[in-house]
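Peer 1: Have a look at this one before I ask anything.
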Amino acid sequence: MLSPARRLLKRFHPEAIPWPGCLVYDAVSGTEVFRLQYELLAKDLARHRTTGSVLDVGTGPGRLLLALHREAPALQLTGVDSSSPMVDAARRHVADVGLASVIDLKEGNASDLPFPDASFDMVVSTGSIHHWKEPTRALYEAHRVLKEGGDALMYDLVSDTPPSVLKDAGRRFGRLRVLLLWLHGFEEPFYTRQDFSLLARPTPFCEGETRFVGMFFCLAMKKGKKD
């Protein structure tokens, strides 16, 4: 469970980043450390799938989708975000590189995804799950829109990143950049590794595997045939 302080922070923390906060987030997500991290995540996702359909929940300014398209251009990509200004920013970035007809972007909430059952081969989320007011319901929704045998991969920063991961990320991204990213955790209601891992238990996924991909902790789940 989240600590009392983290629960209080989560209660008042907005699920949809409002304007002008989206302007700040858009700018920060375009910095070198985030660009390199998105490239790492895109490579990790491509190890699971290079064809089929992918939904990015909480896509923000759409930078993961752009990195994923570069890594696996055959994927059919869709992004959804509950913040209208964020969706507008993502559409601008996608249009700037000529992918407006390739990457689909919609406004919608993680707890009530605007898609039919069994629509996607993979559902992903990056840096968004700690914003969700109803994470259990959101994971039910991710399970619902997944096809049988599909993968759900949730990535986020955690509040108890091991020193070894920070050290490795420092070598990869630069120590100052990693320090600033780590300090960011004190103003956000991030989960601990254990709490993040337990999010799958009350959902149809039941359990998942965890690992670090750069600075981000990943909870990888699968929609099995018996579900």
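Every number in this text was worked out from the coordinates using simple rules, so none of it is lab data. If you're wondering where the values come from, they're calculated on a predicted model, not measured in any experiment. Glycine gets a Cβ as well: all are built from the backbone with ideal geometry, and neighbour counts include every protein chain shown.
Peer 1: For A100 and S164, FRET efficiency with R0 = 41 Å and r from the beta-carbon atoms, rounded to 0.05?
Peer 2: Values: r = 42 Å, r/R0 = 1.02.
E(calc), rounded to 0.05, equals 0.50.
Peer 1: Subtract the Cα-Cα distance of D117 and E134 from 0.36 nm times their separation in residues, and report this length gain in nm to one decimal. It would help to have the intermediate numbers written out before the result.
Peer 2: Values: separation 17, 0.36 × 17 = 6.12 nm, distance 1.94 nm.
Roughly 4.2 nm would be gained on extension.
Peer 1: Name the residues whose placed amide hydrogens come within less than 5 Å of the amide hydrogen of V213, ignoring near sequence neighbours (fewer than 5 apart) on the same chain.
Peer 2: Those qualifying (amide H under 5 Å, at least 5 residues apart or on another chain) are C218.
Peer 1: Still on this structure, I have one more. Would you kindly state how much longer the chain becomes between T31 and C206 on full extension, computed as 0.36 nm times their sequence separation minus their alpha carbon distance, in nm to one decimal?
Peer 2: Values: separation 175, 0.36 × 175 = 63.00 nm, distance 3.58 nm.
Between T31 and C206, full extension yields 59.4 nm more.
Peer 1: With a sphere of radius 12 Å drawn around the Cβ of P85, what net charge do the other residues whose Cβ falls strictly inside it have (Lys, Arg +1; Asp, Glu -1)? If you can, show how the numbers build up before the last one.
Peer 2: On the way: positive: R91, R92; negative: D26, D81, D88, E107.
After counting each charged neighbour, the total is -2.
Peer 1: Starting from the Cα of K133, draw a straight line to each of the aspartates and glutamates and keep only those under 20 Å, dropping any in the same chain fewer than 8 residues away.
Peer 2: Within the straight-line cut-off, K133 pairs with E15, D56, D81, E107, D112, E141, D156, E187, E188, D195.
Peer 1: Could you tell me whether the stretch 34-134 comes out rounded, prolate or oblate from its Cα gyration tensor? Rule is a ≥ b ≥ c as square roots of the eigenvalues, rounded for a/c under 1.5, then prolate if a/b exceeds b/c, otherwise oblate. Provide the component values of the computation, followed by the final result.
Peer 2: Working: a/c = 1.31, a/b = 1.18, b/c = 1.12.
Verdict is rounded for the stretch 34-134.
Peer 1: Turning to a different aspect of this structure: Regarding the stretch 118-171, what's the average projected area of the Cα-atom convex hull, expressed in nm²? Each step should come with its number before you reach the end.
Peer 2: Details: hull surface 19.5 nm².
Averaged projected hull area, Cα only: 4.9 nm².
Peer 1: Under 12 Å Cα to Cα from K222, which aspartates and glutamates show up? Leave out anything in the same chain fewer than 8 places away.
Peer 2: Leaving aside aspartates and glutamates fewer than 8 places away in the same chain, those within reach of K222 are D121, E148, D151, E207, E209.
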